[in-house]
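In what follows, a structure is listed as structure tokens, so that the remarks can point back to it.
Rule-based calculations on the coordinates, nothing more; no lab input. If you're wondering where the values come from, they're calculated on a predicted model, not measured in any experiment. So basically every Cβ, Gly included, is an ideal-geometry build from the backbone, and we count neighbours across all protein chains shown.
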Amino acid sequence: MSDSEEELFEKRLKFVLVGDTGAGKTSIATRYCNGEFTRHYTPTAGVDFFLKNISLGDYKSITLHIWDVGGLSLHGNMLDKYIFGAHVILFVYDVTNASSFEILGEWIETVKKVNEVLEAQPVLAIIGNKCDMEHQRSVKRDKSHMFAAESGIPCHDVSARTGESITMRVASLAAEVLGICVTKADRGFYKPIVQSVIDDTLTSKQVPSTALKKCAKKHAKKIHKTESNSELPPSKSSICSLQ
Ligand SMILES: Nc1nc2c(ncn2[C@@H]2O[C@H](COP(=O)(O)OP(=O)(O)OP(=O)(O)O)[C@@H](O)[C@H]2O)c(=O)[nH]1
Ligand SMILES: [Mg+2]
């Protein structure tokens, strides 16, 4: 196999997650790479590393090196080293926490300053995390869309808790870096499923099936299926997945 052929099949991409403390960067990385989520919060000191192997189009093996940068690094002296050589930088904020959104400007300015000298610019994206807590949203969609338009960086909502949109978003960004489209086959791979969580207090014996169906319909929401189908949230409740 020639070098260029080999390159087509194997690729390494560096993704960097930055943003305010508590925005959910570690949770996004843990959900995406390990299919896990915890409510327990342990602030990241410095940077943490995650690895994930995916395939997209003709690229049979893409190794994603995910650098999860602690929120306190904004004012530290290591940030330039963390983002050096990044193919993708994700600016993460918490949709329920306005100050995590307001500080994005400072993150973007700092990152852009570091990248100024580079020839190849990374792909940038703004990620609004915790969209499972819509009822507590304090950053209105209009506001984030306007900010995205002004800064020229697209924004997307995800949830590390439910896994919503994470896999597909990462795949789209990787495809953008590689200059390829997410193919039909890739789309099949990330086929959406409808997931509904049914309260613990109800069991299928106690409730007629029509009521269960109604309940499932009411609470149904779309998430994206991953390779391991691991994006179901850990919960004490019974989980009902409908294709
Ligand atoms: N409901 C909900 N909670 C989330 C979500 N993502 C993260 N959390 C919670 O938010 C808290 C902070 O999450 P982390 O992932 O540790 O935040 P971080 O951005 O890595 O924070 P630093 O390491 O300090 O920069 C934890 O208690 C998580 O359980 C989400 O999508 N939904
Ligand atoms: Mg962290």
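If you consider only alpha-carbon coordinates, what radius of gyration and Dmax does region 1-151 have, in Å?
16.4, 54
If amide hydrogens are placed 1.01 Å from N in the peptide plane, which non-local residues have theirs closer than 5 Å to the one on Asn97?
Ser138, Val139
Counting other beta carbons within 10 Å of each Cβ, put His87, His145 in order, fewest first.
The most exposed by this proxy come first: His145, His87.
Starting at the first residue of region 118-128, write each ³J(HN,Hα) from the Karplus equation 6.51 cos²θ - 1.76 cosθ + 1.60 with θ = phi - 60°, in whole Hz, x for Gly and Pro.
7, 6, 8, 8, x, 6, 10, 8, 9, 10, x
Residue by residue through region 20-33, which ³J(HN,Hα) values in whole Hz follow from phi under the Karplus form 6.51 cos²θ - 1.76 cosθ + 1.60 (θ = phi - 60°), with glycine and proline marked x?
Once θ is set to phi - 60°, the couplings for region 20-33 become 4, 4, x, 5, x, 5, 5, 5, 5, 5, 5, 4, 5, 8 Hz.
Can you flag which of Lys60/Lys112; Lys25/Lys81; Lys112/Lys143; Lys52/Lys143 are past 30 Å Cα-Cα?
Those over the limit are Lys60/Lys112; Lys52/Lys143.
At a Förster distance of 25 Å, what's the computed FRET efficiency of Leu118 paired with Cys181, Cβ-Cβ distance as r, to 0.05?
0.45
Amide H of Tyr59: which non-local residues (sequence gap of 5 or more, or other chain) have their own amide H closer than 5 Å, using H built in the peptide plane?
Sorted by chain and number, the residues that satisfy this come to none at all.
Take peptides 36-43, 147-154, 96-103, 159-166 and line them up by average Cβ neighbours within 10 Å, highest first, as a rough protection proxy.
Packing proxy ranking, top to bottom: 159-166, 96-103, 147-154, 36-43.
Around Leu13, which amide H atoms from residues at least 5 apart in sequence, or from another chain, sit under 5 Å from its own amide H, with H modelled in the peptide plane?
Thr63, Leu64, His65
Using θ = phi - 60° and the Karplus relation 6.51 cos²θ - 1.76 cosθ + 1.60, list the HN-Hα couplings for region 34-39 in order, rounded to whole Hz, with x at every Gly or Pro.
For region 34-39, the Karplus curve yields 10, x, 10, 8, 9, 7 Hz.
At a Förster distance of 25 Å, what's the computed FRET efficiency of Ser138 paired with Thr21, Cβ-Cβ distance as r, to 0.05?
0.90
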